[in-house]
Amino acid sequence: MPTGENGVPTGAGAQPAGVSAASAGSSARSYDHSIRLVLWRHGQTRWNVEGRFQGQSDIPLDPVGEQQAERAARLLAALQPGAIYSSDLTRATMTASPLARLTGLTVISDKDLRERYGGLWEGLTDTEIRAQYPVEHSQWRPPEGETSTAVADRACAAMERIAGTLTPGTLAVVVSHGAALRLGAARLLGLPEELWGVIGPLANCAWSVLGRRRGRWRLIEHNAGTLPEPVLSDDR
């Protein structure tokens, strides 16, 4: 179960054995001066279930996805976010809506949080992509689509802009898509491109938490909010 600096309540006043109240208080004060981004992937869509590459095709949540968003929103509202940012694609705005309702916050739309543009792959299943574009599939390079580097740069720039609006000790929820969130986070963390794959894909309606303290970003949580389950995603 997530504990500590992910911000999810874990029990009033609890602290590890052997940690003095003074040192615990010092640690809390240091943490209070950090900012956090909760990177929340949208809920399930029909194309997720069918294994179709969505990219920037504007596919809404299915009924399961709507239920996922409602459940996750109740958990994330407890973090008392100061802002909600979202991709302008319908599946992201539908995911953000329950959290906005619970918190009273207005969702701020940002096109740079859109999913990777899949070019000629959009709407195709993985089997169809393998058959029609075997070379591009082996390189995970959609014809007429965005490169991984372009997506990483775009999403990371959006995350940096959002972080720049936050005051110490606050957090924003960023509602986006699997590849955009993973690649943007990898860039934000300063990982070299050959290591971007060490961060696994997000499940539907799961989230990661990044924190910046003393000018450095770090991964605090990844794929939180669900038990381990198959990931239905354009990302890999």
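How many residues are closer than 14 Å to Q44 by Cβ and in contact with a helix residue (DSSP H, G or I) (Cβ under 8 Å, 6 or more places away or on another chain) if we restrict to the range 73-96?
4
Only one residue in Q67, Q44 is at pLDDT 50 or above, over 30 Å from S148 (Cα atoms) and surrounded by 11 or more Cβ atoms within 10 Å (Cβ to Cβ). Which one? Working first, answer last.
Details: Q44 fails: over 30 Å from S148 (Cα atoms).
Every option except Q67 fails the conditions.
Could you run through the range 97-121 and say how many residues are out of contact with any helix residue (DSSP H, G or I) (no Cβ under 8 Å at 6 or more places or on another chain) and buried (at least 21 other Cβ atoms within 10 Å of the Cβ)?
Count: 1.
Just name the residue that is surrounded by the fewest Cβ atoms within 10 Å (Cβ to Cβ) out of those in the range 77-88 that are closer than 19 Å to G211 by Cβ and under 13 Å from the mean Cα position of the chain (by Cα).
Among them, the one singled out is I84.
Which one of V38, V107, V8 is modelled with pLDDT of 95 or more, closer than 19 Å to E221 by Cα and under 18 Å from the mean Cα position of the chain (by Cα)? Break it down into steps so the answer makes sense when it comes.
Numbers: V107 fails: closer than 19 Å to E221 by Cα; V8 fails: modelled with pLDDT of 95 or more.
After applying the criteria, what remains is V38.
Of the numbered conditions (1) under 24 Å from N204 (Cα atoms); (2) surrounded by fewer than 21 Cβ atoms within 10 Å (Cβ to Cβ), P134 satisfies every one except a single condition; which is it?
Status for P134: all satisfied but (1).
Could you go through the range 139-157 and let me know if any residue there is within 30 Å of S34 (Cβ to Cβ) and in contact (Cβ under 8 Å) with a residue 60 or more places away in the chain.
Within the range 139-157, the subset within 30 Å of S34 (Cβ to Cβ) is 148-157.
Then keep just the ones that are in contact (Cβ under 8 Å) with a residue 60 or more places away in the chain; that gives none.
The answer is no; no qualifying residue exists.
So E194 clears everything in (1) assigned to a helix (DSSP H, G or I); (2) out of contact with any helix residue (DSSP H, G or I) (no Cβ under 8 Å at 6 or more places or on another chain); (3) within 25 Å of Q56 (Cβ to Cβ) except one condition, right? Which one?
Answer for E194: the failing condition is (3).
For L191, which of the numbered conditions (1) over 13 Å from L37 (Cα atoms); (2) exposed (fewer than 14 other Cβ atoms within 10 Å of the Cβ); (3) out of contact with any Asp or Glu (no Cβ under 9 Å at 6 or more places or on another chain) fails to hold?
Only one criterion is unmet by L191, namely (2).
Of the residues R91, R74, which single one is within 14 Å of the chain's Cα centre (by Cα) and not acidic (D, E)?
On the way: R74 fails: within 14 Å of the chain's Cα centre (by Cα).
Of the residues listed, the single one that is within 14 Å of the chain's Cα centre (by Cα) and not acidic (D, E) is R91.
The values are calculated or read from the model by the stated rules, or taken from the named source; none is laboratory data. No experiment lies behind these values; they were computed from the predicted model shown. Here the Cβ is made from the backbone with ideal geometry for all residues, glycine too, and neighbour counts use every protein chain on show.
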